[in-house]
Amino acid sequence: MKKTKDENTEEQILEAAKNVFQSKGMDGARMQEIADKAGINKAMLHYYYRSKQQLFEAVFKNAFSLLAPQLSAVLNDDSSIEDKVKNFTSNYISFIVKHPYLPNFIIQELNRNPDFILKLKDNPSFPNLEKFKIQVNYEVENGIIKPISAEQLFINILALNIFPFVAKPLIMAFTKADDDAYKTLIEDRKTEVANFIINSIKHV
């Protein structure tokens, strides 16, 4: 009789894999450990996911599919650039606090497999910058914000939001922060980053 894949089992596997990848990284993770954490045997794990790479991509896509629509909605709504900066920053940080493995997943996978992002671009909810570009150009031309390209502004937003998560151990060492202090720093970033960017582009 042909086996069928059970949704609950698959969810257990993805949750277990997420936890192992988060603590051990892609290279340090072992399929046996993921199977043990999911409460299944290794043969069952391989039935659902033939390789660690396939499982890694499934975990990544699952998390990205939750984040991408939020960011896409912010970029494509009718709010001002100032509000977009605030909402993008707040939404991104809130999401990554719940999924702290995601930024390092992105960096690791892009370094190991640069073509991986091409698979994500096929996702219908992959953020589209076209409306953002039009809005930035409009606000620059009308003197609402200082001259800046939409691409440079978007990179600034991404960089200031992503780096504190990617460089968590470094930041904790420099600031002598424990876990609680780091969490407070990150929560404060929601307003600090937004205000920093807005003040840099806004006409006084």
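The values are calculated or read from the model by the stated rules, or taken from the named source; none is laboratory data. This one's a predicted model, so the numbers in the text were calculated from it and none came from an experiment. Note: ideal-geometry Cβ built from the backbone for every residue, glycine included; neighbour counts use all protein chains shown.
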Taking into account only those residues within the range 170-204 that are hydrophobic (A, V, I, L, M, F, W, C) and in a loop (DSSP other than H, G, I, E, B), which is surrounded by the fewest Cβ atoms within 10 Å (Cβ to Cβ)? Val204
Of the residues in the range 88-108, those that are outside any helix (DSSP H, G or I) and crowded, with 17+ Cβ neighbours inside 10 Å number 2
Among what's in the range 135-169 and is among the β-branched types (Val, Ile, Thr) and in contact (Cβ under 8 Å) with a residue 12 or more places away in the chain, pick the residue that is surrounded by the most Cβ atoms within 10 Å (Cβ to Cβ). Val136
What number of residues within the range 46-67 satisfy the criterion of being of a type in the set (Gly, Ala, Ser), outside any helix (DSSP H, G or I) and surrounded by 14 or more Cβ atoms within 10 Å (Cβ to Cβ)? 0
Scan the range 17-32 for residues that are touching a residue at least 40 places away in the same chain (Cβ under 8 Å) and of a type in the set (D, E, K, R) and jot them down. Lys18
Restricting to the range 170-204, name every residue that is closer than 23 Å to Gln108 by Cβ, of a type in the set (Val, Ile, Thr) and touching a residue at least 40 places away in the same chain (Cβ under 8 Å). Ile186
Return yes when Ala167 is at pLDDT 95 or above, farther than 30 Å from Glu139 by Cα and in the same structural domain as Ile144 (by TED's automatic domain parsing) and no when it is not. no
Restricting attention to the range 50-83, report how many residues are more than 23 Å from Lys133 (Cα to Cα) and of a type in the set (Asp, Glu). 1
Criterion violated by Val85 - all others in (1) at pLDDT 90 or above; (2) exposed (fewer than 15 other Cβ atoms within 10 Å of the Cβ); (3) closer than 30 Å to Ala194 by Cβ; (4) more than 15 Å from the chain's Cα centre (by Cα) satisfied: (2)
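A quick yes/no check of all residues on (1) farther than 24 Å from Ala16 by Cβ; (2) over 14 Å from the mean Cα position of the chain (by Cα); (3) modelled with pLDDT of 90 or more:
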site: Phe60; (1), (2), (3): no, no, no
site: Asn91; (1), (2), (3): yes, no, yes
site: His99; (1), (2), (3): no, no, no
site: Ser125; (1), (2), (3): yes, no, no
site: Lys146; (1), (2), (3): yes, yes, yes
site: Ala159; (1), (2), (3): yes, no, yes
